[in-house]
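Working notes, structure below.
Every read-out reported here was derived from the displayed coordinates using simple, explicitly stated rules and does not represent laboratory data. Note that the structure is predicted; figures quoted are calculated from it, not measured. Quick reminder, even Gly has a Cβ in these numbers, built from the backbone with ideal geometry, and neighbours come from all protein chains shown.
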Amino acid sequence: MKDQIEHLKKRIGQGRITRREFVGRMGALGVSAAMANVMMAEAVRAEGPKKGGHLKMGSVGGESTNSLDPAAAASQVPYYNLNLFGDTLVEVTPEGKVGNRLAEEVSSSPDAKTWKFKIRKGVEFHNGKPLTPQDVLRTMERHSNEESKSGALGIMRGIESMKVEGDMFSVTLKTPNADLPYLMADYHLQIQPDGGFDNPGAGIGTGPYILEEDQPGVRHVWSRNPNYWDDSRGHVDSVEILVINDATARMAALQSGQVHLVNRVDPKVADLVNRAPGVRIESDSGPGHYVFIMHVDTEPFSSNDLRLALKYALDREDMVEKILRGYGTVGNDMPINAAYPLFDETIPQRTYDPEKAAEHYKKSGHDGSPIILRVSDVAFPGAIEAAQLFQETAKAAGIPLELKREPGDGYWSEVWNKQPFCASYWSGRPVQDQMYSTAYLSTADWNDTRWDNEKFDKMLLEARAELDEEKRKELYSRMGRMIRDEGGLICPMFNDFITGVSDKVQGWVNDPTGETMSGRWSSMLWLA
Amino acid sequence: MHPVLILVVQRIALGLLLLFAASILIFAGTMILPGDVAQSILGQSATPEALANLRAELGLNEPPVTRYFNWLFGVLQGDLGTALTNGQDIATSMGRRLSNTLFLAFWAAAVAVPLAIFLGLVAVLYRDRWPDKLISGVTLASISIPEFLIGYVLMYFVAVQLGWFSTVAMISDSMSLLEKLSVIALPVAVLTLVVLAHMMRMTRAAILNVMQSAYIETAELKGLSAFTVIFRHAFPNAIAPIVNVVMINLAYLVVGVVVIEVVFVYPGMGQYLVDHVSKRDVPVVQACGLVFAAVYIGLNMVADIVSILANPRLRHPK
């Protein structure tokens, strides 16, 4: 029997039989399906990545208006494209650590104020030019200078000066930041020749794939870079991204075998897809969360009792069950969960408590007029339904909520960050500091809860400069509790990234730090 | 000059005027929409600095009237400009999308128009008997079901279950004509079902109308077969309303198929326009609007002219 198992393992490792067949035949030998899956993963890993083939993905989040300029990337397809043609200095690994890419070595001064990145030698851009530290400097300049319209501008603001020293790229910060390498892993910061000043949208970088065809909103085709510096990445010969924004069409394309993987599977159909032949579902918990946000400086939300009343008036478990169909975890009214390094697991979980909600509501002295919650389809998938559930559970606590449905078009410019109470989402950040600095620092542009707390700001800066992990964890824990108990954030749930994958695809890694293996699917997956 | 020629020239001049008016309307429309292109490009990640920088770069700080006339001046010189969002040349990227749209519309029309007219003739021939009722029933049912639903149903049974055709109708230059036709088979089928009823019913009604005439009775009394009577005597006299409805449906096939494009992932004009409207990319919206308006105006003009040519009384006015 052992021989048979070994034989099957070898066959699955080489991709000669399907997963279904493997599990079935292992079952016949008395091996449980769970065990068989583990064995399969091992066997595949032992056999190593297979080279060659044409990997196709059907992806949401592509428009005819997309460009290949890293500064302009904001949705999934541009994000994947950047990972195909470019490399960042460092990356965030699935374990939440910093991994070296174009930087061979990262070091900091003891006060975490000056950071040095040793730039890898012998790396070539797609246009044949060698990578130099100067290119790195120019890239960072383009994302941080005064004319910048980069999505990374916000995180570059803490930089005081940058310079090249030999083969080192060095950054000096205005205030110390122990998390700087995480910021440098931002996907906008792909290193381009001369920083991409002359032609930002050329799609030329040092990455594993070279642009073949660029049709924004339709498809993007890439072929393997024969001179890629990292042999462990870039297994398939070519990668094609088809823009399929319609969820049903995406599923049909996966099931009819026209694409190997699709992102953003609707939780409602995830179980059905998982049961279909030849495909499976990969679900990764991540830092993305769905929120209802209140402006703490605006009546009636300026009363913390009213805020607490609303926080207690929400049935989180029920929402995870009904809106996410279990593909997610409950939130705790703070933007941080276990996907972040230095997360404090001991913070008590808030639950639905209509009595406490009613008590706080009474204490707040609210006049009983309906509280208007603005919501739209685009706020997050299932936002309308979630708001309706919220309305019902709040009603049970005697809190009158009125839903106002806003058009999706213009929601982000007219409602979010403007109206005092609305639904929204956050895709999360790799580290706590970045999440808090982006949306909870009093001076942050996207402080969408109008959270202005001197003590909190001070702790945030203190934690940022703190190199001792224990002390940092303690600070972050206190900050999280503060937001949870006093902030304007109602966070019912953290959503999983749900990807539909063909059984032909091997090498999937569960990565909580970003969607679809943090965008690295194209260079890390292979076809059996 | 021949009166028909004068009429054509008049119509073309009027069409151009209409196009100009349409361009003003579209421009005004995009001004009313909330948010601007800079806000839409940056979306949730907009910081005030990035917004200001982008606005300056795109020239959005100039007054709208100036922007409109700059655009109009360019168009009159044949320059549609570049997209604000990704800097691509509009004429090139739109040209590709337009040729895809026309390709799909052409094949849908090539199937639907002859089929609709033929079914209309058959329905007249078997008026009030079961073939007539069957044809009307099926076509009316298919026009009443939302097109995306027909699309999904066909996709599920024909593509996913049977595996005959592709669910993704993405055509590219490297494909042969046969491959392209196989790929667009499903959207063509759906579009045919959607436009069939309208044209079929109009053909049926128009011919039935003519069938009341005395000369049809004469033809019947001459002993001509029923089909010859309909095809040779009734159809030519019913052509004007039929051409009108055919043109309306052709225009629909060019400008109105965005839902089908989304469902079948077809790289046509509809999706292209919607993407740019949602990003407030005015030059592209203007260019698409112009093309769509030109298609409508052009096809309606053809319908008018054919109606006139088909009618001796209009052809030779006293």
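With charges only on Cβ, +1 for K and R and -1 for D and E, what is the dipole size of the range A:308-375 about its Cα centre, in debye, rounded to 20?
240
If you fit an axis through the alpha-carbon atoms of helix B:185-211 and take the longest principal axis of the Cα set of chain B, what angle between them do you get, 0 to 90°, nearest 10?
Tilt of helix B:185-211: around 40 degrees.
Mind checking the angle between helix B:64-76 and chain B's longest principal axis? C-alpha axes, 0 to 90 degrees, to the nearest 10.
60
To the nearest 20 Debye, how big is the dipole of the range A:289-341 about its Cα centre, given +1 on the beta carbon of each Lys and Arg and -1 on that of each Asp and Glu?
Dipole magnitude for the range A:289-341 comes out near 200 debye.
Using a simple charge model, +1 on the beta-carbon of Lys and Arg, -1 on the beta-carbon of Asp and Glu, nothing else, what dipole does the protein assembly as shown show about its Cα centre, in debye to the nearest 20?
In debye, rounded to 20, the protein assembly as shown gives about 2840.
Which residue, chosen from B:Gly270, A:Val123, B:Ser182, occupies the Cα position most advanced towards the positive end of the dipole of the protein assembly as shown, where the dipole is computed from +1 (Lys, Arg) and -1 (Asp, Glu) charges on Cβ about the Cα centre?
B:Ser182
What is the mean projected area of the alpha carbon convex hull for chain A, to one decimal in square nanometres? Please report the intermediate quantities before stating the final value.
Details: hull surface 100.7 nm².
Averaging across all directions leaves 25.2 nm² for the Cα convex hull.
What are the ³J(HN,Hα) couplings of the range B:229-246, residue after residue, when phi is run through the Karplus curve with 6.51, -1.76, 1.60 and θ = phi - 60°? Round to Hz, x for glycine and proline.
4, 5, 6, 8, 9, 7, 4, x, 7, 9, 5, 4, x, 5, 4, 4, 6, 4
What are the principal axis extents of the Cα atoms in the range A:343-400, in Å, biggest first?
Between the extreme Cα coordinates on each principal axis of the range A:343-400 lie 36, 34, 16 Å.
Peptide A:146-154: average number of partner chain Cβ atoms within 10 Å per residue?
6
Within chain A, which is the longest segment that contains none of the GluC sites (Glu not before Pro) sitting in a DSSP loop with at most 15 other Cβ atoms within 10 Å?
In short, A:148-344.
Can you give the net charge of the other residues whose Cβ lies under 15 Å from the Cβ of B:Leu54, counting K and R as +1 and D and E as -1? Walk me through the numbers on the way to the answer.
Working: positive: A:Arg142, A:Lys149, B:Arg55, B:Lys279, B:Arg280; negative: A:Asp69, A:Glu146, A:Glu147, A:Asp445, B:Asp36, B:Glu49, B:Glu57, B:Glu62, B:Asp281.
Once positives and negatives cancel, what remains is -4.
With just the Cα atoms defining each centre, how far is the range A:222-301 from the range A:176-219? Give it in Å.
20
With a Förster radius of 45 Å, plug the Cβ-Cβ distance of A:Ala338 and B:Ala110 into 1/(1 + (r/R0)^6) and report the FRET value to the nearest 0.05.
FRET efficiency, A:Ala338 to B:Ala110: 0.15.
Please compute the modelled spin-label separation between A:Asp237 and A:Ser161, points set 7 Å along Cα→Cβ, answer in nm with one decimal.
5.2
A:Arg374's amide H: which non-local residues (gap 5+, or another chain) put their own amide H closer than 5 Å, with H modeled 1.01 Å from N in plane and none for Pro or chain starts?
A:Lys404, A:Phe421, A:Cys422, A:Ala423
Compute the Cα gyration tensor for the range A:78-142, then decide on rounded, prolate or oblate, letting a ≥ b ≥ c be the square roots of its eigenvalues: rounded whenever a/c is under 1.5, prolate when a/b is larger than b/c in the other cases, and oblate in all that remain.
Cα axes put the range A:78-142 in the oblate bin.
What aspartates and glutamates could a cross-link reach from A:Lys322, if we take a straight Cα to Cα line under 18 Å and drop same-chain neighbours fewer than 8 places away?
A:Asp266, A:Asp271, A:Asp377, A:Glu385, A:Glu392, A:Asp496
Determine ³J(HN,Hα), in whole Hz, for all residues of the range A:153-161 in sequence, where each value follows from phi through the Karplus function 6.51 cos²θ - 1.76 cosθ + 1.60 and θ = phi - 60°; x replaces Gly and Pro.
Rounded to whole hertz, the list is 4, x, 7, 8, 5, x, 8, 8, 8.
Any idea what Rg and Dmax come out to for chain B if you just take the C-alpha atoms, in Å?
Cα-based Rg and Dmax for chain B come out at 23.8, 84 Å.
Please work out the C-alpha center-to-center distance from the range B:47-79 to the range A:359-433 and express it in whole Å.
Cα centroid to Cα centroid, the span is 36 Å.
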